[in-house]
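The block underneath contains the structure these notes are about, expressed in structure tokens.
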Amino acid sequence: MYGKIKEHLQKELESIREAGLYKNERLIVSPQDAVIRLSTGKEVLNFCANNYLGLSNHPKLIQAATEALQSHGYGMSSVRFICGTTDLHKTLEQKIAEFFGTEDTILYAACFDANGGIFEPLFTEEDAIISDSLNHASIIDGVRLSKAKRFKYNNADMQDLEAQLILAKEARFKIIVTDGVFSMDGNVAPLDQINILAKKYDALIMVDECHSAGVVGKTGRGVTELFDIRGEVDIITGTLGKAFGGALGGFTTGRKEVIELLRQRSRPYLFSNSLPPAVVNAGIKMFSMMAETTELQDKLHQNTGYFMSGMLAAGFDIKPSKSAICAVMLYDAKLSQDFASRLLDEGIYVIGFYYPVVAQGQARIRVQLSAAHTQAHLEKAVAAFTKIGKSLGIIK
Ligand SMILES: *Cc1c(COP(=O)(O)O)cnc(C)c1O
């Protein structure tokens, strides 16, 4: 039976390879951190993790996780509504709501699930979802699972958003959906203007804070802090898998009735296992640390500022960014791959992105900064970029 599809799959795989789009996975044999060891034995500086606050290997989170293994065991073996809710789960939900200034929170196994399970329970064919064209894949999939009418506006284009809101005028409920920070450019959604349009056209707002929470805003509270509209956004989704420790887990936080209905109707919540206590307790510890001090956010902002100005001074073409993502524009796909591979030889681990991950002719290297980077790490990275940039004739 397998024979026919086997041949088909082999051809598909071959065509992915031929197109140069085959994704190879690099093996890391150390914890995730600013410095990682590869299976080749080589140690490199890591500039491609979402480890924005440097918490992936933080002793306090490891300790909190270990304590919960002892006190609450290893796994939950249940969904939340049967026997998968512990005191720890409720505490973490409350901590997340405090952090974002929202009313309540619901945890998921991942933000992919939070986004996958948000639209279908809330919206029907009478409603309209108006989504940024560069929104994350999980939002696109979540929207597909609902029966609501779909409208798409060009990335962060407020004229287009308004045009779509006018087209969606007849809908019973309208919701504008956007990433807080777009992962390829590092640009921030213009939430102040989105908020004005939402009020004018009577629409709700949902923001996915995966790349912005912990990072953007003076104290890292995300884009609602940056634009001074904390508590005004109806729905926020986010992940514990990036700045907030990097293990796994997602959440939706926002209006009380929304969260309450999700607990009743959201399928990835109802039909998927509860987060393990170790992860949940590390999350609680993490939000307690955030409430006590902004030391890590401050360090991240300082590191990002230093790196960006160093790269600009060296003459690189960098996308304007308010996040910890720095897109170094090279435009040419092959160049982006050669550049990244030569950086790895210099001990700097970054990834070059090209079409179809970014638009045609927009190839780049994406650098992600972390609070775990030291001044010496950043200097080494800028120096390596400069050396290779000169030898490839990109900068003078
Ligand atoms: C990473 C990411 C997700 C998925 O988060 P997981 O918790 O890893 O599933 C969703 N949305 C955005 C914008 C992301 O960057």
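The values are calculated or read from the model by the stated rules, or taken from the named source; none is laboratory data. These numbers were taken from a predicted model, which means no experiment stands behind them. Heads up, the Cβs are rebuilt from the backbone with ideal geometry, glycines too, and the neighbour counts pull from every protein chain shown.
When you check Glu162 against the structure, is it in a helix (DSSP H, G or I), away from the ligand (no atom under 16 Å from the Cβ) and in contact (Cβ under 8 Å) with a residue 24 or more places away in the chain, yes or no?
yes
When the residues of the stretch 130-147 are narrowed to those that are surrounded by 21 or more Cβ atoms within 10 Å (Cβ to Cβ) and touching a Lys or Arg at 6+ places or on another chain (Cβ under 8 Å), which ends up nearest to Ala198 (Cα to Cα)?
Filtering first and then ranking leaves Ile130.
Do we have any residue at all in the stretch 254-271 that's hydroxyl-bearing (Ser, Thr, Tyr) and either in a strand (DSSP E or B) or away from the ligand (no atom under 16 Å from the Cβ) (or both)?
no
So Gly54 clears everything in (1) on the phi < 0 side of the Ramachandran plot; (2) at pLDDT 95 or above except one condition, right? Which one?
(1)
Pull up the stretch 107-124, narrow it to residues that are small (Gly, Ala, Ser) and either part of a helix (DSSP H, G or I) or under 13 Å from the mean Cα position of the chain (by Cα) (or both), then point me to the one that is nearest to the ligand (Cβ to nearest atom).
By that ranking, first place goes to Ala110.
Take Tyr349 and tell me if it is of a type in the set (Phe, Trp, Tyr) and surrounded by fewer than 18 Cβ atoms within 10 Å (Cβ to Cβ).
For Tyr349, the condition - of a type in the set (Phe, Trp, Tyr) and surrounded by fewer than 18 Cβ atoms within 10 Å (Cβ to Cβ) - is not met.
Quick one: in the stretch 219-268, of everything that is among the hydroxyl-bearing types (Ser, Thr, Tyr) and in contact with a strand residue (DSSP E or B) (Cβ under 6 Å, 6 or more places away or on another chain), which residue is farthest from Pro31 (Cα to Cα)?
Per the stated criteria, the residue is Thr253.
Being within 16 Å of the ligand (Cβ to nearest atom) and modelled with pLDDT of 95 or more: is that true of Asn135 here?
Values: within 16 Å of the ligand (Cβ to nearest atom): yes; modelled with pLDDT of 95 or more: yes.
Against the criterion (within 16 Å of the ligand (Cβ to nearest atom) and modelled with pLDDT of 95 or more), Asn135 qualifies.
Could you please find all residues in the stretch 40-59 being buried (at least 16 other Cβ atoms within 10 Å of the Cβ), more than 13 Å from the chain's Cα centre (by Cα) and among the small types (Gly, Ala, Ser)?
The answer is Gly54, Ser56.
Would you confirm whether or not the stretch 207-217 contains a residue that is under 16 Å from Phe99 (Cα atoms) and assigned to a helix (DSSP H, G or I)?
Within the stretch 207-217 (the criterion being under 16 Å from Phe99 (Cα atoms) and assigned to a helix (DSSP H, G or I)), the answer is no, since none of the residues qualifies.
In the stretch 212-253, what count of residues is obtained for those that are within 15 Å of the ligand (Cβ to nearest atom) and charged (D, E, K, R)?
1
Whether any residue in the stretch 68-79 is under 19 Å from the mean Cα position of the chain (by Cα) and aliphatic (A, V, I, L, M) is what I want to check.
Within the stretch 68-79, none of the residues are under 19 Å from the mean Cα position of the chain (by Cα) and aliphatic (A, V, I, L, M).
Conditions: (1) surrounded by fewer than 17 Cβ atoms within 10 Å (Cβ to Cβ); (2) charged (D, E, K, R); (3) in a loop (DSSP other than H, G, I, E, B). Arg150 meets all but one. Number of the miss?
So the condition that Arg150 fails would be (3).
Among the residues of the stretch 358-385, what is the count of those that are charged (D, E, K, R) and crowded, with 23+ Cβ neighbours inside 10 Å?
Residues in the stretch 358-385 being charged (D, E, K, R) and crowded, with 23+ Cβ neighbours inside 10 Å: 2 in total.
Please indicate, with yes or no, whether at least one residue in the stretch 89-105 is more than 23 Å from Glu257 (Cβ to Cβ) and either without any contact (Cβ under 8 Å) to a residue 40 or more places away in the chain or more than 17 Å from the chain's Cα centre (by Cα) (or both).
Scanning the stretch 89-105, I find no residue that is more than 23 Å from Glu257 (Cβ to Cβ) and either without any contact (Cβ under 8 Å) to a residue 40 or more places away in the chain or more than 17 Å from the chain's Cα centre (by Cα) (or both), so the answer is no.
From the list Asp127, Asp185, which one is within 16 Å of the ligand (Cβ to nearest atom) and either within 23 Å of Ser272 (Cβ to Cβ) or surrounded by 15 or more Cβ atoms within 10 Å (Cβ to Cβ) (or both)?
After applying the criteria, what remains is Asp185.
Looking at Arg144 and the list (1) of a type in the set (Lys, Arg); (2) under 22 Å from the mean Cα position of the chain (by Cα); (3) away from the ligand (no atom under 16 Å from the Cβ), which single condition is not satisfied?
Arg144 satisfies every listed condition except (3).
Being among the polar types (S, T, N, Q), at negative phi, part of a helix (DSSP H, G or I) and surrounded by fewer than 23 Cβ atoms within 10 Å (Cβ to Cβ): is that true of Asn195 here?
The answer is yes for Asn195.
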